[in-house]
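Worksheet: the structure to be examined is printed underneath.
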């Protein structure tokens, strides 16, 4: 087969007419001012997909700058028919290249996301100075309690201090904490950065005795000791950075957003287990009956009708409602309850508060 | 290489530009969309490349199509570099400051201000680099284009032009646009042949003044209408707040808002199409290539028509049919482009300018216009 074609050598823009023939394994072309050149079929690349009425351009591995332009439709279709790699369009190699680059990009993203969510927060949390923890902790408490003032009464404050003191017995490594009660109906407790632990009036009202509240307090101190609130802040900021970098937006401001605040105060299952485990050891060291925590736990589950596998109920408006209570946020709740056991034999439980102190604590918001 | 004795090249030729559509753009558009979704957006670099390859191949100069030789991965690597070196550090620093000092920290607006400044300073750089990348990936008859100057000088000029335009309430626009165009066109090459730009901004000022004063007039008229409407409603000593009149007021306000939007988004941009058309015509007449002179017959009406249809395509296909918008834009210019004067094409030798390995990272990050 033979046809005419135009050859560009890639060095000048000059067009050279050549006579082109297909001799099985290669294209051979020659012109008045072009020496005979042989392009192997295997090394050929098409610039275009063959299109009617459009020239068909070829190049070769040996001369990537050179171009051979064919216009003979019969020659082109014969050439392409016997050599599929010249057809152009989407080839497996092309799709594989795209897949490899895309997978690489996604892998980098996944690694960065994993670092942001799982590994970095705890490390960064440890490096944060105390003044930052206190300042940010206070901001978060203020947003969550919606501007309410903490409850305070002489006897109630004393009872709260007595409870903390009872927990400190046998626990010399107790992190610095401040415990406050707010006049809110909701049954909840949470820990913010800087060791700021908050109880609602509602949770005090639900408790049958001081050992139940002491158990909850021990759980919250567990969060404080493991820097969970700080780590969660770092985690959320990191996610915000990822989202804003990926989408080109500012990612939103978490302190002004109820949903984000709720996410901030909601810990992972592992974090809850860590806090539980810390609480169990703490209660045992202080000789406070862990069954109080267990009872309270079961009571809350029953109260909210939450089955161990269910998530938090939807359609809640307050942040404290949204985060769920101290125990109900994650599946596996039954296992967590099971792990709480009585004090070892030979250890007698102490009284956390006197009945008068307990009453004063429960009525701290009535002052 | 040709030795002088073997030179038998043809006489200088007049170049004619035609846009010859090819089949396959619809398939390309759909496959691009699907793959972009599947790859969570990563495919867009390949999508852009394929669309350019298609459109370039439709631009025929004396029967020989252009060829786009870029690769998707070049754009992707350019994006990665800009993302890691510029975007991520900026986002990290501002998030870190917001995190550490709280969202109300006065440092935050300061940082944001600096970021904006940085973006404006680098904008021209991005424009220049993107143009350079595209030229170096554009082949015709085996010869590629190039941009041979400094992107930083252009960037400084660009930033200066933004300031000058702002401080002069727009009046520096014709001068600054001319300076910028001169800077970039005089750096453009095809092979070893140069583009030349020479001309003054003076002839643009008549049209500019017309558009400027008409815009001012439109604003004054708009404000007058709004004040009159508000006055007629609230001018009464005792407004009657019965339901019927209240609905009347609401209707009036809605009509007013629609009228203002119409004015701001439709009438004023249409007005400025008159200047844009004049600028395209003037700049093309100032541009020469190897002794031949360009001419682009742009008119305000055709620009408005182009833009309106483009916007409708964008809206009704949810942006998926952007390749068609690119095609329309290229076609608009090619259909109106003439090069007056003959050129000795055979003499043009390959460009010796080094080709950047990466493409358009910054332009992609800023979403600089163009293809």
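The values are calculated or read from the model by the stated rules, or taken from the named source; none is laboratory data. Remember, it's a predicted structure, so these values are computed and weren't measured experimentally. Ideal geometry is used to build each Cβ from the backbone, glycine not excepted, and the neighbour counts take in all protein chains shown.
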Go through (1) without any contact (Cβ under 8 Å) to a residue 60 or more places away in the chain; (2) part of a helix (DSSP H, G or I); (3) more than 10 Å from chain B (Cβ to nearest Cβ) one by one and return the number of the condition residue A:78 breaks. (1)
Tally up the residues in segment B:1-56 that are at pLDDT 90 or above, facing another protein chain (nearest Cβ under 8 Å) and not in a loop (DSSP other than H, G, I, E, B), please. 3
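Against the definition (farther than 26 Å from residue B:342 by Cα and surrounded by 15 or more Cβ atoms within 10 Å (Cβ to Cβ)), how does residue B:185 come out, yes or no? Let's see the steps before the verdict.
Numbers: farther than 26 Å from residue B:342 by Cα: no; surrounded by 15 or more Cβ atoms within 10 Å (Cβ to Cβ): yes.
Criteria not met by residue B:185.
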Among the residues of segment B:65-78, write down those that are part of a helix (DSSP H, G or I) and either more than 9 Å from chain A (Cβ to nearest Cβ) or surrounded by fewer than 20 Cβ atoms within 10 Å (Cβ to Cβ) (or both). B:73, B:74, B:75, B:77, B:78
Do any helices (runs of 4 or more DSSP H) lying entirely in segment B:102-215 carry at least 3 residues that are in contact (Cβ under 8 Å) with a residue 24 or more places away in the chain and over 27 Å from residue B:300 (Cα atoms), and which ones are they? B:107-136, B:151-167
Might you let me know whether segment A:41-59 holds any residue that is more than 14 Å from chain B (Cβ to nearest Cβ), surrounded by 15 or more Cβ atoms within 10 Å (Cβ to Cβ) and under 28 Å from residue B:145 (Cβ atoms)? yes
Out of (1) crowded, with 22+ Cβ neighbours inside 10 Å; (2) outside any helix (DSSP H, G or I), the one residue B:60 does not meet is (1)
Can you name the residue in segment A:1-38 that is touching a helix residue (DSSP H, G or I) at 6+ places or on another chain (Cβ under 9 Å) and in a strand (DSSP E or B) and is also nearest to the other protein chains (Cβ to nearest Cβ) among such residues? A:12
Out of segment A:185-199, which residues are at pLDDT 85 or above and either under 25 Å from the mean Cα position of the chain (by Cα) or more than 16 Å from residue A:218 (Cα to Cα) (or both)? A:189, A:190, A:191, A:192, A:193, A:194, A:195, A:196, A:197
Is at least one residue of segment A:97-115 outside any helix (DSSP H, G or I) and buried (at least 16 other Cβ atoms within 10 Å of the Cβ)? no
Filter segment A:81-105 down to residues that are at the interface with another protein chain (Cβ under 9 Å from one of its Cβ atoms) and at pLDDT below 85 and give me whichever is farthest from the chain's Cα centre (by Cα). A:89
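Within segment A:127-152, which residues are in a loop (DSSP other than H, G, I, E, B) and buried (at least 17 other Cβ atoms within 10 Å of the Cβ)?
The initial filter retains those residues of segment A:127-152 that are in a loop (DSSP other than H, G, I, E, B), namely A:128-129, A:145-149, A:151-152.
Residues satisfying the conditions are A:128, A:145, A:151.
Here's the yes/no breakdown for (1) under 24 Å from residue B:59 (Cβ atoms); (2) surrounded by fewer than 14 Cβ atoms within 10 Å (Cβ to Cβ); (3) at pLDDT 75 or above:
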site	(1), (2), (3)
B:244	no, yes, no
B:249	no, no, no
B:260	no, no, yes
B:270	no, no, yes
B:285	yes, no, yes
B:288	yes, no, yes
B:303	yes, no, yes
B:307	yes, no, yes
B:333	yes, no, yes
Being away from every other protein chain (no Cβ under 14 Å), more than 25 Å from residue B:146 (Cβ to Cβ) and touching a helix residue (DSSP H, G or I) at 6+ places or on another chain (Cβ under 7 Å) is true for just one of B:325, B:311. Which residue is that? B:325
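Look through A:280, A:269, A:341 and report the one residue that is at pLDDT 70 or above, surrounded by fewer than 16 Cβ atoms within 10 Å (Cβ to Cβ) and within 30 Å of residue A:136 (Cα to Cα).
A:269
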With respect to the numbered conditions (1) within 23 Å of the chain's Cα centre (by Cα); (2) closer than 26 Å to residue B:190 by Cα; (3) within 14 Å of chain A (Cβ to nearest Cβ), which one is the sole condition not fulfilled by residue B:158? (3)
